[in-house]
Amino acid sequence: MAHLKNIPNKQRGVVLITALIMVIAVTGIAVTLMSSSTIDIKITNAAQEREVAENELIGEVQRMISGEANKGAGNQFFLTPDEVTSIASGDESGMVIAKHNDMQSKMINLNKGALNLECPRRFNFTAGVSCNMVQVATTIEYGSKSKHQLTIVTGIAQEMASTGKGI
């Protein structure tokens, strides 16, 4: 102990002040990294929610089309423009043809006037056969408080005899 008393006391807290400055700097860096990782987590979560909503929506579109196709000639895709408008009470946004969970499918008939449209090019032209063209918009709301919306629009061409409904 006598040996320690002979050392002159020249340090006046410089090491303590330097250590405190380093702790403050490291704390600031840590806080910045934590807040940016929180934002990354929120972005990743939002992307996952959108992916889930999109997959649910694609499944709903397939379910709705399959359900209508299984009805045969009585499906709603064969409705004429007048029937679609009268059912929808003049609403130009279309008539709701299916609701499932939080998803809804609205159909509008693309035929303008009394005549049906010619079928798309991939079909060979056949006299007396035309297409009833409809468009179905299926929408889902997702996210916290359902503040986001995703819509898939599907075009459907039904071959039919041009003088009546369905073949």
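Please treat every number below as a calculation from the coordinates, not as lab data. Because the structure is predicted, anything quoted here is derived from the model rather than measured. Cβ: placed from backbone, ideal geometry, glycine included. Neighbour counts: every protein chain shown.
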Review point. Each label point is 7 Å from the Cα along the Cα-to-Cβ direction; what then is the distance between the points at E83 and T32, in nm?
Key: 6.7
Revision key, fill the gap. Contour minus Cα-Cα span, E54 to S66, at 0.36 nm per residue, comes to 2.5 nm
Study note, to complete from the structure: XL table K71/K147; K99/K145; K42/K147; K42/K145; Cα-Cα > 26 Å flagged, in table order, is K71/K147
Review point. Can you give the charge dipole size of region 11-81 about its Cα centre, rounded to the nearest 20 debye, using +1 on the beta carbon of Lys and Arg and -1 on the beta carbon of Asp and Glu?
Key: 360
